[in-house]
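Chemist: Before anything else, here's the structure in question.
The values are calculated or read from the model by the stated rules, or taken from the named source; none is laboratory data. Bear in mind that the values here come from a model prediction, so they are computed numbers and not experimental data. No Cβ is skipped: glycine too gets one built from the backbone with ideal geometry, and neighbour counts run over all protein chains shown. Side chains are part of the model used for accessible areas, which takes the heavy atoms of the whole protein and leaves out ligands, DNA and RNA. Shrake-Rupley method; radii C 1.70, N 1.55, O 1.52, S 1.80 Å.
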Amino acid sequence: MADEMSNDVWTTDLSAQYDGASMVWVMVSGALVWIMVPGVGLLYSGMSRKKHALSLLWASLMAICLISFQWFFWGFSLTFGTAHSHFLGSLEYFCLKDVLALNTGVSTLPDIVFCFFQGMFAMITGCIMLGGACERARLGPMMVFLFIWMTVVYCPCAMWTWNGDGWLAKLGAYDFAGGGPVHQASGFGALAYAFVCGKRRDPLTEKGVPKYKPHSVTSVVLGTVFLWFGWFGFNGGSAGDASLRGFYANVNTNLAAACGGLTWMFIDWFRCGHKWTTIGMCSGAIAGLVGITPGAGFVPVYFAVPVGAITALCCNYAVDLKDILHIDDGMDVFALHGVGGFVGSVLTGLFAADYVAATDFGVEIDGGWLNHHYRQLGLQLAACVSIDAWSFVLTSIILLVMNRIPFLKIRLSEEEEELGTDAAQIGEFTYQESRMFIPEPHRSKAVPEVADIKEANEAPLQSSDNEKQSEGTATV
């Protein structure tokens, strides 16, 4: 169908080649996904200790900036360029060359809209993965690592799954909105990041994994709200058009999140001293959202309930894996996204129904076990194992190589970690406290020497003799 479209702005009404409602829906959905990235930042910041809180907000905005460039530079091309090996796209769209009104990505959208929407998925994936090194990563090497990781881990996994020439797409694995490339890739990448970094330094937990209470439950709630809201674009827009399938996916999304939140909260009531924990409810909602992601446009709505509940149950107990593995995954990225994405993908193989996919007219699938297509479960497992192994192994290799380069050491020194990432790496803080140094541009005028920083900031500036004379002349 791509050869029927035109990129010639002088002879063709490019917008008239597509359904306007579909373009608007997918663009708005992409904007909703963008909101999820600072949502992850708020969630991680609230879960951390106060002296590291700003660094996690910083990481979310840094991910938006850096991945936006990577996606423009070659990320989109490596993911959706014409494949020559079913493994990685070509560089035909390098720096978004010729990405305008053709429909090489999906038949219902011009490439420029599709590029925008998929770029948001790249941003959220990278941001989620960075949580594995919370409270101990150096921020400069983090940026270098993120660019490399997006190129050699995310782009291949997304290409396998969503490029029509990708080997998982040709195999027949189902992934509606990113259970594999987004959640499992980021979850297993975060596990490797936490593993190579080592656990946070805490003299009280030398033999175990340190655990700290969230410093701001309010930030956790706000982050969850941003994520839940943005997920309607994440799953709903993945239909690629304004069809009933995308709206059906959003009903599944909301229901799975609600059931996940209730399930985790009830489990925590028994496991956490009969308390209705807010953190538990937020974690369960996110687990439900992760679990429904690969099947939102495949499973009947009544199966959103077990998908949300089962995923939340599995993720709740998967949190304890860090104690068994002795890997300090402080944000529980692996438990929520790695395990949650795996469980959701497997359940998609069980509950996928052909008539749900057909709500987007012309889409035909064999379905899962509901349609007696028992082979589908094996295909889902193959996709999960492939993406999980690729992400964990490649992430570990990247980090181990970087750690042998002196100026790319990935971890803070012991003194810097004790001081806090915010003070050691940023010099700014989430909360203003007395006697904290806030870096400012050098003043053009001399400031009197005052011991107290607050007094120094409030002290009047000294003026030169020439300036005093000018002021006096002006007064006269």
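Chemist: If I ask for residues that are of a type in the set (Phe, Trp, Tyr) and open to solvent by less than 20 Å² (accessible area, probe 1.4 Å), which ones from the stretch 161-192 would you list? Talk me through it step by step, then tell me what you get.
Modeler: Kept after step one, since they are of a type in the set (Phe, Trp, Tyr), are these residues of the stretch 161-192: 162, 167, 174, 176, 188.
Within the stretch 161-192, Phe176 is the sole residue that qualifies.
Chemist: Which one is nearest to Cys157 (Cα to Cα) among residues in the stretch 82-117 that are charged (D, E, K, R) and surrounded by fewer than 20 Cβ atoms within 10 Å (Cβ to Cβ)?
Modeler: Pass one, the stretch 82-117, residues charged (D, E, K, R): 92, 97-98, 111.
Retained after the next criterion (residues that are surrounded by fewer than 20 Cβ atoms within 10 Å (Cβ to Cβ)): 92, 97-98.
On the way: Glu92: 19, Lys97: 23, Asp98: 24 Å.
That would be Glu92.
Chemist: Still on this structure: Which condition does Ala158 not pass, out of (1) open to solvent by less than 20 Å² (accessible area, probe 1.4 Å); (2) among the small types (Gly, Ala, Ser); (3) out of contact with any Pro (no Cβ under 8 Å at 6 or more places or on another chain), if it passes all the others?
Modeler: Here Ala158 clears every test but (3).
Chemist: Going through the stretch 277-302 one residue at a time, which ones are surrounded by fewer than 24 Cβ atoms within 10 Å (Cβ to Cβ) and farther than 25 Å from Ala194 by Cβ?
Modeler: Within the stretch 277-302, the first condition is being surrounded by fewer than 24 Cβ atoms within 10 Å (Cβ to Cβ), and the residues that meet it are 277-281, 300-302.
Within the stretch 277-302, Pro300, Val301, Tyr302 meet the criteria.
Chemist: While we're on this one: In this structure, does Val113 turn out to be under 23 Å from the mean Cα position of the chain (by Cα), of a type in the set (Val, Ile, Thr) and over 23 Å from Ala190 (Cα atoms)? Step through it out loud before you land on a result.
Modeler: On the way: under 23 Å from the mean Cα position of the chain (by Cα): yes; of a type in the set (Val, Ile, Thr): yes; over 23 Å from Ala190 (Cα atoms): yes.
For Val113, the condition - under 23 Å from the mean Cα position of the chain (by Cα), of a type in the set (Val, Ile, Thr) and over 23 Å from Ala190 (Cα atoms) - is met.
Chemist: Just give me the residues in the stretch 419-428 being open to solvent by less than 60 Å² (accessible area, probe 1.4 Å) and either of a type in the set (A, V, I, L, M, F, W, C) or in contact (Cβ under 8 Å) with a residue 40 or more places away in the chain (or both), in sequence order.
Modeler: To start, the set of residues in the stretch 419-428 that are open to solvent by less than 60 Å² (accessible area, probe 1.4 Å) comprises 420-424, 426-427.
Selection gives Gly420, Thr421, Asp422, Ala423, Ala424, Ile426.
Chemist: What residue, of Ser45, Ser15, Ser22, Ser29, is loosely packed, with under 14 Cβ neighbours inside 10 Å and not aliphatic (A, V, I, L, M)? Step through it out loud before you land on a result.
Modeler: Values: Ser45 fails: loosely packed, with under 14 Cβ neighbours inside 10 Å; Ser22 fails: loosely packed, with under 14 Cβ neighbours inside 10 Å; Ser29 fails: loosely packed, with under 14 Cβ neighbours inside 10 Å.
Sole residue among the options that is loosely packed, with under 14 Cβ neighbours inside 10 Å and not aliphatic (A, V, I, L, M): Ser15.
Chemist: Return the pairs, sorted by first residue and then second, in which the second residue is loosely packed, with under 13 Cβ neighbours inside 10 Å and part of a helix (DSSP H, G or I), the first residue lies in the stretch 206-220 and is of a type outside the set (Ser, Thr, Tyr), the beta carbons are less than 8 Å apart, and the residues are 6+ apart or on different chains.
Modeler: Between residues of the stretch 206-220 that are of a type outside the set (Ser, Thr, Tyr) and residues that are loosely packed, with under 13 Cβ neighbours inside 10 Å and part of a helix (DSSP H, G or I), the close pairs are Gly208/Asp323; Val209/Asp323; Pro210/Leu204.
Chemist: Looking only at the stretch 50-76, how many residues end up being more than 17 Å from Phe116 (Cβ to Cβ) and surrounded by fewer than 18 Cβ atoms within 10 Å (Cβ to Cβ)?
Modeler: 2
Chemist: Criterion first (surrounded by 24 or more Cβ atoms within 10 Å (Cβ to Cβ), among the charged types (D, E, K, R) and in contact with a helix residue (DSSP H, G or I) (Cβ under 8 Å, 6 or more places away or on another chain)) does Asp329 satisfy it? I'd like the intermediate steps shown before the answer.
Modeler: Numbers: surrounded by 24 or more Cβ atoms within 10 Å (Cβ to Cβ): yes; among the charged types (D, E, K, R): yes; in contact with a helix residue (DSSP H, G or I) (Cβ under 8 Å, 6 or more places away or on another chain): yes.
Yes, satisfied.
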